[in-house]
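Working notes, beginning with the structure itself.
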Amino acid sequence: MITVINQILIFKTNIQTLADKEQIQHCLNNHDAVDQWNIDQQDIDCVLRVISNSVTPEQIISLITNHGFECAELE
């Protein structure tokens, strides 16, 4: 039996508006390694949570910054 353990990655971003969210929505929804994601735009840090069993924090940071947003892992 194989057990898949998903990890929750948490990032501070500057994704503040619905338009901002829509800019990254397509790439996160279509990323093979991203199972789920959400952004808490009410939080001062605009927290992005990504659930995955294989994506790395560096991959998410690169993806978000390539779309012109700031992104840093929270620990």
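Can you tell me the orientation of helix 18-29 relative to the chain, as the angle in degrees between its alpha-carbon axis and the longest Cα principal axis, to the nearest 10? Taking Cα atoms only, the helix is inclined about 20 degrees.
The string of couplings for region 36-52 from the Karplus curve (6.51, -1.76, 1.60, θ = phi - 60°) is 8, 7, 7, 10, 8, 6, 7, 6, 4, 8, 6, 5, 9, 10, 10, 9, 7 Hz, one whole number per residue in order, with x for Gly and Pro. Sequentially through region 55-63, phi angles give Karplus couplings (6.51, -1.76, 1.60; θ = phi - 60°) of 6, 9, x, 4, 5, 5, 4, 4, 4 Hz, Gly and Pro residues having no value and appearing as x. Note on volume of the Cα convex hull per residue in Å³: of the candidates [x] 106; [y] 85; [z] 136, the value calculated from this structure sits at [y].
Readers should treat all values here as calculations from the given coordinates under stated rules, not as data from a laboratory. Here the structure is a predicted model, which is why all the values come from computation and not from measurement.
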